Each structure stands twice: as structure tokens, then as C-alpha cells.
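The values are calculated or read from the model by the stated rules, or taken from the named source; none is laboratory data. The shown structure was predicted, so the numbers you read here are calculated from the model rather than taken from an experiment. Using ideal geometry, Cβ is built from the backbone for each residue, glycine included, and neighbour counts are taken over all protein chains shown. Just the protein is used for accessible areas: all its heavy atoms, side chains included, with ligands, DNA and RNA removed. Shrake-Rupley method; radii C 1.70, N 1.55, O 1.52, S 1.80 Å.
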Amino acid sequence: MLLAIDVGNTNIVVGVFDGDALMVSWRLLTLRERTADEVGLLITGLFAHERIKPESVRGAVMASVVPPLTPIMQGMVRRYFGHDPLVVDPASNAGMPILYDRPADVGADRIANSIAVYERYGRAGKRPLIIADLGTATTFDVVTARGEYLGGVICPGPQIAAEALFQRAARLPRVDVRKPARVVGGNTLGAIESGLFYGYLGMVEGLVARITTEIGGAATAIATGGLAPLIVPETSIFEAVEPDITLLGLKIVWDRNR
């Protein structure tokens with residue numbers, strides 16, 4: 001079995017592969033103050049709940065965009081699973097050509113997403129790919145038809161916008177991101193809900209359209225991230241939703257390095 005860990009700004013996603021199949025995955029809240037033992041006890045507890053023995057893990061791979069947590073997670077894997085995890089480095093061990101000005105600046109999770117989507121949708125189709133990760137920070141990554149990472153777009157997600165409205169406008173309430181009953185709000189709460197939801201939807205559709213035009217048209221767009229189930233049903237621009245695409249990309253990087 002393979003342990004795959006994606007350390008993100010909001011969640012730590014942990015997955016266990018049995019061969020090529022993702023058996024199970026869990027989401028933990030990202031807390032920079034956590035120790036290796038705290039995380040280790042949480043994950044081994046989840047293993048016990050699923051009746052998976054930690055000693056059945058034969059390797060580990062990890063992507064992290066939270067530098068303070070990287071050594072903590074490495075130490076946790078060593079102590080509780082007995083392995084040195086392969087830490088994905090986009091510039092050296094990911095196995096995808098990167099056309100970014102500074103390849104080391106690309107997040108490991110974005111490269112993992114790009115690799116997995118290319119293997120699943122791009123290699124046979126010979127079309128450029130757009131991967132939209134709809135989350136706290138919304139990212140759009142572009143992969144050429146030849147399998148090269150071209151670049152992307154980084155935007156704040158709607159939760160960030162909602163929090164900024166609450167903090168910077170004294171009379172506006174804190175609002176959750178959800179689809180309102182109508183576009184034109186009949187009160188302040190409805191107006192904010194509409195702005196967050198439909199404003200975000202418009203941004204996603206607009207950026208995918210502009211990226212498609214800039215790279216020459218006929219691109220395949222794939223969505224992932226925590227907000228994908230909320231946004232994707234409202235638009236026709238995405239071919240598929242892949243909730244576990246980062247973990248699948250980590251598995252591919254692990255296999256390549258083996």
C-alpha cells in the first residue's frame with residue numbers, strides 16, 4: 001500500500017492506495033501548530049477505523065504548500081509508518097516539463113493535478129488542458145497537448161471574499177457561500193449570497209473562456225476542489241469533476257520515481 005498526503009492551506013488530504021486503486025481518503029484541518037505526534041495519532045486512528053494496518057504501508061509520497069508543516073509531516077511518516085516520504089518537487093522529480101519562468105515556484109499540488117489530468121484526459125486526446133481547482137485559493141493550470149505545464153492563474157476563492165466583506169464593511173454580515181434562490185437579492189443577505197456565488201461562477205467561466213482563446217481554442221477543462229460540487233452543476237464548461245485528482249497525481253509521481 002502507498003500513503004499519499006497533500007498538505008494544503010485549508011486541509012491535509014490523506015489517501016491510501018492498494019496498488020492503483022485509491023482505497024480511502026480523509027480530510028484533516030490544516031493547523032500549523034500541530035505536532036508530528038498529534039497528526040500521527042489522528043491518521044493511525046483513521047487507519048484503525050478502516051481496519052488498515054500501518055505496517056501494510058510500503059511507501060509514502062507527499063506534496064506540501066505549507067512549508068512549516070513539511071518537516072512535521074515528514075517526521076510523522078517516519079515515526080508512525082517507518083518510511084521517508086517522497087516529497088514532490090516540481091522542478092526536479094515530478095516528471096513534467098515546466099515552462100514557468102521559475103519552475104520551483106509552482107505548487108507541488110498544482111503539478112500533481114496537472115500530471116494526473118494529462119494522463120487521464122490529455123495523452124490520448126492531444127488537446128490542451130485547463131485544470132480548475134476551486135477552493136480557498138482558486139487556481140487554473142494549463143497543460144499543453146504535449147504534456148508541458150504552461151502556467152496558470154491564481155485567484156482568491158469566495159470564502160476569502162466573504163471574510164473580507166465582513167471585516168472591511170461594518171454593516172455587512174458574515175455569509176456562507178451557497179447558491180441563492182435568485183440573482184437579484186431582495187435583502188442584504190441575499191444580495192451578498194448572489195454576489196459571492198454568481199460573481200465567482202462568472203469569474204470561473206470568464207477565465208476558462210479567456211484561457212481557451214489565448215491557447216488557441218479547443219481545450220478540455222476539468223474541475224476539482226472543495227467548491228467544485230457547488231459550481232460545476234451551474235455551468236457547461238467542464239468535462240468532468242475529479243475530487244481525488246491530487247492524490248492520483250501523487251501516485252503517478254511515486255511510480256515514476258520508483
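Things to note:
- Within the range 98-122, the only residue that satisfies the criterion of being open to solvent by less than 40 Å² (accessible area, probe 1.4 Å) and modelled with pLDDT under 90 is Gly122.
- For the range 80-94, a residue qualifies if it is assigned to a helix (DSSP H, G or I) and touching a strand residue (DSSP E or B) at 6+ places or on another chain (Cβ under 9 Å), and exactly one does: Phe81.
- In the range 128-153, residue most open to solvent (accessible area, probe 1.4 Å) [restricted to those that are assigned to a strand (DSSP E or B) and of a type in the set (Asp, Glu)]: Asp133
- Sole residue being in contact (Cβ under 8 Å) with a residue 40 or more places away in the chain, open to solvent by 20 Å² or more (accessible area, probe 1.4 Å) and over 27 Å from Leu227 (Cα atoms), chosen from Gly125, Gly95, Gly40, Gly75: Gly95
- Restricting Pro233, Pro229, Pro243 to residues that are open to solvent by 70 Å² or more (accessible area, probe 1.4 Å), under 17 Å from Ile130 (Cα atoms) and under 21 Å from the mean Cα position of the chain (by Cα) narrows the list to Pro243.
- Within the range 45-65, the set of residues being out of contact with any strand residue (DSSP E or B) (no Cβ under 9 Å at 6 or more places or on another chain) and either among the acidic types (Asp, Glu) or crowded, with 16+ Cβ neighbours inside 10 Å (or both) comprises just one member, Glu55.
- Residue in the range 2-11 that is in a strand (DSSP E or B), under 18 Å from Val61 (Cα atoms) and open to solvent by 50 Å² or more (accessible area, probe 1.4 Å) present: no
- Among (1) part of a strand (DSSP E or B); (2) open to solvent by 70 Å² or more (accessible area, probe 1.4 Å); (3) in contact with a helix residue (DSSP H, G or I) (Cβ under 7 Å, 6 or more places away or on another chain), the one test that Trp26 misses: (2)
Quick grid of which residues meet (1) surrounded by 11 or more Cβ atoms within 10 Å (Cβ to Cβ); (2) of a type in the set (A, V, I, L, M, F, W, C); (3) out of contact with any helix residue (DSSP H, G or I) (no Cβ under 9 Å at 6 or more places or on another chain):
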position	(1), (2), (3)
Glu163	yes, no, yes
Ala181	no, yes, no
Thr188	yes, no, yes
Gly202	yes, no, yes
Thr212	yes, no, yes
Ile222	yes, yes, no
Arg256	yes, no, no
